[in-house]
Amino acid sequence: MREHLEKSFAQWGRFAYRHAWVVIGLVLACTVSLATQLPKIGFDTSTEGFFNEEDPVRVTYDAFRRKFGQDTMILLAIRSDEVFTLETLERLRALHQDIESEVPLLVEVTSLVNARETLGLEDRLRVDDFLLDWPETAAEAEEVRRRALANPLYLNNFVSADAEFTSIVIEIETYSRIGMETDDLGGFDDGGEASGLDAGGNTGEELWLTGDEIGTIVTALFEVVERHQAEDFEIAVSGSPVFVDQFQAAMQRDMARFASLAVLTIAVLLAALFRRVAGVVLPLVTVLSSLITTISIMAISGTPLMLPTQILPSFLLAVGVGGSVHILAIFYQARRRGDNREDAIAYALGHSGLAVLMTSLTTAVGLISFAAAQMRPIAHFGIFAPVGVMVALVFTAVLLPALISVFPMREERERALPAFSQRLLLRVGDFAVRRAGSVAAVWAVLLVAAAFGATKVHLSHDPISWWPEGHPMRTATELMNEKTGGAMFFEMVVETGVENGMHDPALLASLETLGERAADIDVGPASVGKTVSLVDVVKEIHQALNENRQEFRVVPANRELVAQELLLFENSGSDDLDNFVDPTFATGRVTFKAPFVDSTSYPALLAAISAQAESLLGGVPFHITGMGAVMTSMINGVMNTLVRSYILALLLVLPFLVLLIGNLRMGLTAIIPNLAPIVMTLGLMGWFGIGIDIFTLLIGCIAISLAVDDTIHFMHNFRRYYDATGDVRVAVRRTLETTGQALLFTSLVLAIGFLLYTFAEMRVLFHFGFLTAFTIMMAFLADLILAPALLVLVTGAREAKPVQALELEATR
């Protein structure tokens, strides 16, 4: 079977040589026609975008947004020596007004300037802006200070307790304005609930606010902030929409930069390996064509690029060039022996074509394990990375031999001595064979130490730490965490099931107690900095209607009184109740503000809040959603993906490896060098405290796939020479002579390609790039050193022959 396949590859090589221009024309036409779809590729960096639209987490979150609007706010923290001076208040008002007038797609801008203040004036209720009566003197400013610090709703919301920080809360649109009329009623149906319009402006399928629209908001906001920024009026900007925009901008910058650097790196290494123009140009043309085709397929399918899938271009460039390197390496060896170009092409494909096919299949099979992931971008990676690998295989097998046949090349001369890299590989391989027992023992010790370190690996999803120290996004969010209770929001939706159910004083009292208990929950870095609900409005109204006396800031015990006071509030002209209840008062909203920290801390916090709610609400149904809950669910999704994908990759790839090698004993032996790099990498992560996140999650399956590639090339050729000579030592040496350099340089291309991510703006990519490069080089070393030693041990080879004797045999 193997001989038949190798012969078929050789025959194809001759066909491609004789019909080169036809092959090139067909491939070029296909690539160019697909490339016309590239402008359609989109980007999605939203957190909710990690979930499929039918996922229960996404369904619940989208239902919340339909009812109450966007829960992700943009937050501005403003630091001044004293907020309540006439000058600072005036600057705050100017900033507030400029944001309202210059930043698009906003629902509301709230600060001390217009924060709700409810007061009782004789026999009526007045609900107005806090600074409706603007202070003109220092004494009036001091009175403003007293009123603000006495209002529980303002503390850790619009002003810090030390009055050094104030904030502006910006609520953005929920639905996209693409194709929408710009009248005041746009985006609302007859029932008053927000509704989306499609790109053609037709009511129908929802279209949430797009990344481009968020970018428009953030860009305009930063222009305003920059104009008002001053040493004694420092403005920090944070919040999920800003994160989304900044991540998308960084992703686009990094993707373009790393793809360019990957091409440059590959070109340099190809030049060092082949020292010929053809050796650089032909693999690059082949792999770039396959990359363009793959990204075009993504665009056609409507699949956006997301945070994990941003690595696809440079990943496919590094992985896709490997097949070309192996084919060209053997082609040039044949040319140096005196073969003409047609015979050399046929020999190269016959020698390495099957191995390239097998490595592409195992890489694709390993990556497919991600396709069943719960997280959308990881599933996308599990679909389009294998597609890209197989496209690269087709282009390597079809386009590359055709290009070789028509590209001008100089005559090859036999080298007097092997290259330095080849001599080094031979010596290392010979050492592994001669010291097989010692080599295996050293690797065993290293693997035991790594396995112990792997037990220390932990999950992590901390977007704040992805930015380097001192980055404006990180500084702003840390400031919010410290001074205003945080920048992350959890939303509890209480469903009474009856009209005016939220008028129940007992239910309101339970929600008040829940907020008090939530503030005392201590589960590590995650905590509740502020709780806001209908309770606060009810207490505020009751106090105002009782001569504004502090002791009346309570929930009335009478249901009818609650209803009457809320009716007075509605008749005052305020629409703030829409933020807390639905129009029938059957459903209520409780917002918990928490620090923006590692999301692995949130499950314990949510579990504690849920436990308290269960005990206090007396069976009233509730559920927790919001951006914080979505991020929490992401952690569970990552863990499920981790376990399922790794097991699936092992179950798919390792038996496939044994089958492809075609020898049970050698196949089982080859499993060990493939698992070793993964154990070593997990050990490194554990010893250095690097967590598993949405990027490092990918390393294991990538490592399994790529490690198998080297093993297949090594074992495919080893078995060929072992069957011919019956000597492990000679077989190892001949394998390294023919394919060793290609293994070395493909490993270097891959490792350096991933090391490029260490220059990324986001630290999470640094860890991903470094660890993947480490895994690839460990895989190469395992195949170069550990695999020969194990083959000696399992075959029971006799005492090693002298190097000179091996060299003599290798030349026969």
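The values are calculated or read from the model by the stated rules, or taken from the named source; none is laboratory data. The structure presented is a predicted model; accordingly, all values stated were derived computationally and were not measured. Quick reminder, even Gly has a Cβ in these numbers, built from the backbone with ideal geometry, and neighbours come from all protein chains shown.
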(request) Could you tell me whether Asp575 is more than 33 Å from the chain's Cα centre (by Cα), surrounded by 15 or more Cβ atoms within 10 Å (Cβ to Cβ) and among the acidic types (Asp, Glu)? (result) no
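When you scan the stretch 347-370, do you find a residue that is outside any helix (DSSP H, G or I), modelled with pLDDT under 85 and of a type in the set (Gly, Ala, Ser), even just one? Steps first, answer last, please.
Going residue by residue through the stretch 347-370, those that are outside any helix (DSSP H, G or I) are 369-370.
Retained after the next criterion (residues that are modelled with pLDDT under 85): 369-370.
Next cut, of a type in the set (Gly, Ala, Ser) only: 369.
Yes: one or more hits.
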(request) Identify all residues within the stretch 671-710 that are at pLDDT 80 or above and farther than 21 Å from Leu765 by Cα; write none if there are none. (result) Ile671, Ile672, Pro673, Asn674, Leu675, Ala676
(request) Could you figure out which of (1) within 30 Å of Asp254 (Cβ to Cβ); (2) more than 33 Å from the chain's Cα centre (by Cα) isn't true of Ile74? (result) (2)
(message) I'd like the full set of residues that are loosely packed, with under 14 Cβ neighbours inside 10 Å, over 30 Å from Asn640 (Cβ atoms) and of a type in the set (A, V, I, L, M, F, W, C), limited to the stretch 31-65.
(response) Val32, Leu38
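Counting only residues that are under 34 Å from the mean Cα position of the chain (by Cα), in a strand (DSSP E or B) and under 22 Å from Asn151 (Cα atoms), how many does the stretch 100-130 have? Reasoning before the result, please.
Start the filter on the stretch 100-130 by keeping residues that are under 34 Å from the mean Cα position of the chain (by Cα), which leaves 100, 102-111.
Right, trim to in a strand (DSSP E or B) and you get 106-110.
When the remaining residues are screened for being under 22 Å from Asn151 (Cα atoms), the result is 108-110.
The qualifying residues number 3.
Which one of Thr72, Thr47 is within 30 Å of Asn579 (Cβ to Cβ), touching a strand residue (DSSP E or B) at 6+ places or on another chain (Cβ under 8 Å) and of a type in the set (Ser, Thr, Tyr)? Can you show your working first?
On the way: Thr47 fails: touching a strand residue (DSSP E or B) at 6+ places or on another chain (Cβ under 8 Å).
Result of the check over Thr72, Thr47: Thr72.
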(request) Report yes if some residue within the stretch 504-523 is under 38 Å from the mean Cα position of the chain (by Cα), without any contact (Cβ under 8 Å) to a residue 12 or more places away in the chain and outside any helix (DSSP H, G or I); otherwise report no. (result) yes
(message) Restricting to the stretch 718-735, and then to whatever is hydrophobic (A, V, I, L, M, F, W, C) and closer than 21 Å to Leu349 by Cβ, can you tell me which residue is farthest from the chain's Cα centre (by Cα)?
(response) Ala724
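Let's see how each residue does on (1) surrounded by fewer than 24 Cβ atoms within 10 Å (Cβ to Cβ); (2) not small (Gly, Ala, Ser):
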residue: Arg257; (1), (2): yes, yes
residue: Gly279; (1), (2): yes, no
residue: Pro283; (1), (2): no, yes
residue: Ile311; (1), (2): no, yes
residue: Ser324; (1), (2): no, no
residue: Asp343; (1), (2): yes, yes
(request) Just name the residue that is farthest from Ser238 (Cα to Cα) out of those in the stretch 24-81 that are of a type in the set (D, E, K, R) and assigned to a helix (DSSP H, G or I). (result) Lys40
(request) Determine whether the stretch 536-543 contains at least one residue that is touching a residue at least 24 places away in the same chain (Cβ under 8 Å), over 40 Å from the mean Cα position of the chain (by Cα) and surrounded by fewer than 15 Cβ atoms within 10 Å (Cβ to Cβ). (result) no
(message) Looking only at the stretch 229-287, count every residue that is out of contact with any strand residue (DSSP E or B) (no Cβ under 6 Å at 6 or more places or on another chain), touching a residue at least 40 places away in the same chain (Cβ under 8 Å) and hydroxyl-bearing (Ser, Thr, Tyr) and tell me the total.
(response) 3
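In the set Leu197, Leu209, which member is surrounded by 19 or more Cβ atoms within 10 Å (Cβ to Cβ), outside the structural domain of Ala760 (by TED's automatic domain parsing), modelled with pLDDT under 85 and touching a strand residue (DSSP E or B) at 6+ places or on another chain (Cβ under 8 Å)? Let's see the steps before the verdict.
Details: Leu209 fails: modelled with pLDDT under 85.
Checking each option against the conditions leaves just Leu197.
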(message) Among the residues in the stretch 440-454, are any farther than 26 Å from Phe247 by Cβ and more than 39 Å from the chain's Cα centre (by Cα)?
(response) no
(message) I'm checking my understanding of the structure. Among residues of the stretch 144-184 that are among the charged types (D, E, K, R), modelled with pLDDT of 90 or more and surrounded by 13 or more Cβ atoms within 10 Å (Cβ to Cβ), which one is farthest from Phe552 (Cα to Cα)?
(response) Glu173
(request) Answer yes if at least one residue in the stretch 261-270 is buried (at least 20 other Cβ atoms within 10 Å of the Cβ), among the small types (Gly, Ala, Ser) and not assigned by TED's automatic domain parsing to the domain that holds Val83, and no otherwise. (result) yes
(message) Pairs please, first residue from the stretch 433-454 and touching a residue at least 40 places away in the same chain (Cβ under 8 Å), second anywhere and not in a helix (DSSP H, G or I), Cβ atoms under 7 Å, 6+ apart in sequence or on different chains.
(response) Val433/Ala800; Arg434/Ala800
